[in-house]
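Working notes for the structure below.
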Amino acid sequence: MSTDVMKGYRKIVYLSFPPETSSRPIVCNLARLFDLSFNILKAKIHPRHDGSMVLEISGLEENFHKGVNYLKESGLQVESVARKIFRDEDSCVHCGMCTALCPTKALELDLVTRKVQFDPERCSACGMCRRICPVNAMTVDIEENGLHV
Amino acid sequence: MSGYSVNKTISEINERIQKGKAVVLNAEEMVKVVREQGKVKAAQEVDVVTTGTFSPMCSSGILFNIGQEPPVMKVSELYLNNVPAYSGFAAVDAYLGATEPATDDPLNKVYPGRFSYGGGHVIEDLLRGKRVHISAKAYGTDCYPRRTLEKDVFLSDLPDAWLLNPRNCYQNYNCAVNMSSRTIYTYMGPLKPNCRNANFATAGQLSPLLNDPYFRTIGLGTRIFLGGAVGWVIGAGTQHNPRPQRNDRGVPTVGAGTLMLKGPLKKMSPRYVRGVSITGYGCSLSVGVGIPIPILNEEIAWFAGVSDEDIDMPIKDYGYDYPNGLPRILGHATLAQLKSGKIKVGDMSTVSVPITSYTMSLEIADTLKSWIQDGSFTISTPQEPIEST
């Protein structure tokens, strides 16, 4: 697979596994059946055997949609990470502290305007910004162990 | 004779302000004017330079009075939304410090602690017009018989409320790195191990005390922008260092001068007074301060023309050196380098991260500029100088 194809389409998704699916090999089939490559950014199986995973998927756009449909047919809930993370624009003071820990540069300081740019499409929903934002401007709407992180 | 080729007085400048004729620049604009036209021309042309900063300033708090509800009371213990305030004053006076956590805060027991609510947040809540619960206890005296008081108040219910900050506006500060092998959570923000980020807290060329490094114009009684209202410098702050090391341009190369500030809380805006939670460290208050510098002569113009390239910040290790009180400085980085997003620490290239909002600092300098331009804010004459050599 050439790297050009890999760059064709790229998206970070959040998968929720109901208890009956978390023990089955499903994600690996994205590569086997749909020629997609994936990078596991975060994965967890909870005590009640439900699970969650943050995946960065890349490949052809057509294959991406087929792959996502396959995941859904297998019983997984698939959501775009970008829709799970929010910044309260009124609250943010653009200090820049979050950029110290953001691993994907979804939060990055614009060196000209000195404002913190937020690109949810690059976000892996790790939650570090939420943990350190001094004015609590970030919200990560992801459930873990039945609790909001 | 003063020996300067430009000699202006504060009253001349105020006359021009009142006539709407004063030339006012923010400190960023002044850099260019001094660089291109020279200090003498700049001093002739420019009357006032406005500075600004917006950053967590832990040594802040409010001095207030809660009013009596007869039978009267001499409070000995006081809580605002469960955050303790100091009440070892007369009757119903108290002081609430910005870094005081709520009594039931888990602190760092689950590390790193969140410190989601403390003194700084109470101050912001009051400014946002929110209801704040007061709980007070007293031992009771013949003249002050009341033992307990529980009531909800708004800021407008408090007979007096002053923002009174013992130490603000640090003139230069450390750039923090972490040479240890684990992530640490400091008042300078999170620091990744092995020097993988360098955090700095200053508005640089906009910063009040870097534009007047020898306190030639700033002293007790200087009228300023404080939290969106008009406040005053009431002297040197705690830990003020009047004799720091300086670079060729007179800019201190270590943390140096500080200011004590006071202003009317009821006239302030929550946009410029924000409660903050610094993970693993504690609660604090981000305070917006803007100080006008009257350009009385070419030397003051030269100092106010300071640029990010002229400011050297000391790089310190917060992994071992700082907590153990070791004075070692790993090197210096100019603010221009720090603002580029990358600096060198020894041989290592490290990502530099600001924790002072430059955009808010600029907004404050520009707001103060507009107050002066529309004639509503004039320059005060300091009554006592602040020592600095």
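What follows draws every value from the coordinates through simple rules; no lab data is involved. Bear in mind the structure is a predicted one, so any value in this text is a computation, not a measurement. Positions of Cβ are backbone-derived with ideal geometry, glycine not excepted, and every protein chain shown enters the neighbour counts.
Note on B:K266/B:S180: beta-carbon distance plugged into 1/(1 + (r/R0)^6) with R0 of 56 Å gives a FRET efficiency of 0.80.
Working from label points 7 Å from Cα in the Cα-to-Cβ sense, the A:T113 to B:V40 distance is 4.3 nm. Available extension along the chain between B:K32 and B:Y86 is 14.7 nm, counting 0.36 nm per residue and deducting the alpha carbon span.
Let me know the charge dipole size of region B:72-159 about its Cα centre in debye, to the nearest 20, where only the beta-carbon of Lys, Arg (+1) and Asp, Glu (-1) is charged. Walk me through the numbers on the way to the answer.
On the way: 10 positive and 11 negative charges, 23 e Å.
That gives a dipole near 100 debye.
Placing a pseudo-label 7 Å from each Cα along the Cα-to-Cβ vector at B:T9 and B:R131 gives an inter-label distance of 5.6 nm. Measuring between their Cα centroids, region B:140-165 and region A:72-103 lie 43 Å from each other. Kirkwood hydrodynamic radius computed over the protein assembly as shown comes to 25.7 Å, based on all pairs of distinct alpha carbons. Altogether, the Stokes-Einstein calculation at 25 °C and 0.890 mPa s, with the Kirkwood radius of chain A over Cα pairs as Rh, returns a diffusion coefficient of 149 µm²/s.
Per residue, the average separation of C-alpha pairs within less than 8 Å and at least 6 apart gives chain A a relative contact order of 24 percent. The lysines whose alpha-carbon is closer than 25 Å to the alpha-carbon of B:K21, local same-chain residues fewer than 8 away aside, are B:K8, B:K32, B:K39, B:K41, B:K369. Helix A:61-73 axis versus longest C-alpha principal axis of chain A: approximately 70°, rounded to the nearest ten. Taken about its Cα centre, region A:3-82 carries a charge dipole of roughly 220 debye when the Cβ of each Lys and Arg holds +1 and the Cβ of each Asp and Glu holds -1. Look at the dipole of the protein assembly as shown built from charges on Cβ: of A:L76, B:V6, B:T334, the Cα furthest out on the positive end belongs to A:L76.
P(r) tail for chain B: Cα pairs beyond 26 Å make up 55% of the total. Adding -39500 (n - 2.57) for every DSSP H run of four residues or longer, then dividing by how many residues the protein assembly as shown holds, sets the calculated 222 nm ellipticity at -5000 deg cm²/dmol. Rounded to the nearest 10 degrees, what's the angle between the helix B:27-45 long axis and the longest principal axis of chain B, both from Cα atoms, 0 to 90? Once rounded, one gets 50 degrees. Pairs of Lys residues in region B:72-159, spaced 8 or more positions apart or belonging to different chains, with C-alpha separations under 25 angstrom: 4 in total. Beta bridges assigned by DSSP with both partners in region B:17-107 are antiparallel in approximately 75 percent of cases. By DSSP, the beta bridges lying fully in the protein assembly as shown are antiparallel in about 90 percent of cases.
All other residues with a Cβ under 10 Å from the Cβ of B:L226 taken together, and with Lys, Arg as +1 and Asp, Glu as -1, what is their net charge? Kindly include the intermediate steps, with their values, before the conclusion.
Values: positive: B:R223, B:K262, B:K267; negative: none.
Local charge sum for B:L226: +3.
Within region B:60-162, the ratio Rg/Rh, alpha carbon atoms throughout and Rh by Kirkwood, equals 1.00.
Put in order of Cβ neighbour count within 10 Å, fewest first, the listed residues B:D248, A:D35 become B:D248, A:D35. Take every pair of alpha-carbon atoms less than 8 Å apart whose residues are at least six positions apart; their mean separation over the length of chain B yields a relative contact order of 26 percent. Each label was represented as a point 7 Å from its Cα along the Cα-to-Cβ direction; for A:E79 and B:K109 these points are 3.1 nm apart.
Relative contact order for region A:84-148: 40 percent, from Cα pairs under 8 Å spaced at least 6 residues apart, divided by residue count.
Evaluate E = 1/(1 + (r/R0)^6) for B:I329 and B:S116, where r is the Cβ-Cβ distance and R0 equals 30 Å; express this FRET efficiency to the nearest 0.05.
Working: r = 34 Å, r/R0 = 1.15.
After rounding, the FRET efficiency stands at 0.30.
Taken about its Cα centre, chain B carries a charge dipole of roughly 500 debye when the Cβ of each Lys and Arg holds +1 and the Cβ of each Asp and Glu holds -1. A straight line joining the Cα centroids of region B:249-298 and region B:1-69 runs 15 Å.
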